[in-house]
Amino acid sequence: MCCSFLAAGKTVAVWPAAAPGAPVLYLNAAAGEGEAVRAALQARRPGAYSLVCVSGLDWGHDLTPWGCPPPFRGADPCTGGADGYLRLLAQEILPAAESRLPGPPCWRGLGGYSLAGLFALYALYRTPLFARIASVSGSLWYPGLMEFLAAREPAVPPQRLYFSIGRKEDRTRNPLLQPGRANTEAIAAAFAGRGVQTKFELNPGTHFTDPAARTAAGLAWLLG
């Protein structure tokens, strides 16, 4: 049964596992998306795990690691508030969510779609809390990301990593977005080359094709 609470204006929905010791998956999502992802995940992987979904996010601020020009015509610039949101997630949301679980989880995963997929990968380098990451159609085109990753090591040795992108996502006239597929493939290959259990999936369609199903696929991979 789902329970929910508010944290600094964010809505946090918790679907606890029935038994203690189950893994917990964290998902940053748009409002109402958590239910759809949960249903798709249950269809793929019914079993013992908890799901925590955070919505009510300022996507261009909370999920971006540093400033970036507007990615689309008419969009606001990205303002780089990921570190602040990560502190909120680690210090307030996570303890409050896990107090509603039947016991401490055996491991934590973090996933998300689009900018939330970028944030999930960024978090791997900024906190040891999440050892399994799903970057689903992640915004890995983000300027400066490849340089950031090349200069650092993850905060915790990753256990399982999932990356995906739509087959048509790089077919765009927007030069900011064009590196998305190549960057995603390169990052996945680099982790796999280091012996990390890594999956890269090329999905049919554009960035906007079946986000709930794609996200569920990523989270299912984290469960092993």
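For the full complex of protein chains and a 1.4 angstrom probe, list K168, K10, K199 by accessible area with the highest value first.
Numbers: K168 105, K10 25, K199 75 Å².
Largest accessible area first, the residues go K168, K199, K10.
About the Cα centre of the chain, what is the dipole size in debye to 20, counting +1 per Lys and Arg Cβ and -1 per Asp and Glu Cβ, all else neutral?
Computed about the Cα centre, the dipole is about 480 debye.
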- GNM, the chain, Cα, under 10 Å: largest mean-square fluctuation among A97, A213, A19? A19
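About the Cα centre of the stretch 119-220, what is the dipole size in debye to 20, counting +1 per Lys and Arg Cβ and -1 per Asp and Glu Cβ, all else neutral? Working shown, then result.
Values: 12 positive and 7 negative charges, 18 e Å.
Once rounded to the nearest 20, the dipole reads 80 debye.
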- CD proxy, 222 nm, the chain: helix-only mean residue ellipticity via -39,500 (n - 2.57) per DSSP H run with n ≥ 4, per residue, nearest 500, stands at -9000 deg cm²/dmol
- For the chain, Cys with no neighbouring Cys Cβ under 4.7 Å: C2, C3, C53, C106
- Message: Given an 8 Å cut-off on Cα distances and at least 6 residues of separation, report the relative contact order of the chain as a percent.
- Response: 19
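What order do H207, H61 take when sorted by accessible area (1.4 Å probe), most exposed first? Spell out each step's value before the answer.
Working: H207 40, H61 70 Å².
From most exposed to least exposed: H61, H207.
Quick check on the chain: of the DSSP beta bridges with both residues there, what percent are antiparallel, nearest 5%?
30
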- Mind listing the phi-derived Karplus ³J(HN,Hα) values for the stretch 97-109, rounded to whole Hz, using 6.51, -1.76 and 1.60 with θ = phi - 60°, and x for any glycine or proline? 5, 6, 5, 9, 8, x, x, x, x, 7, 7, 10, x
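The values are calculated or read from the model by the stated rules, or taken from the named source; none is laboratory data. This structure is a prediction, so every number in the text was calculated from the model and none was measured. No Cβ is skipped: glycine too gets one built from the backbone with ideal geometry, and neighbour counts run over all protein chains shown. Side chains included, ligands, DNA and RNA excluded: accessible areas come from the protein's heavy atoms. Shrake-Rupley method; radii C 1.70, N 1.55, O 1.52, S 1.80 Å.
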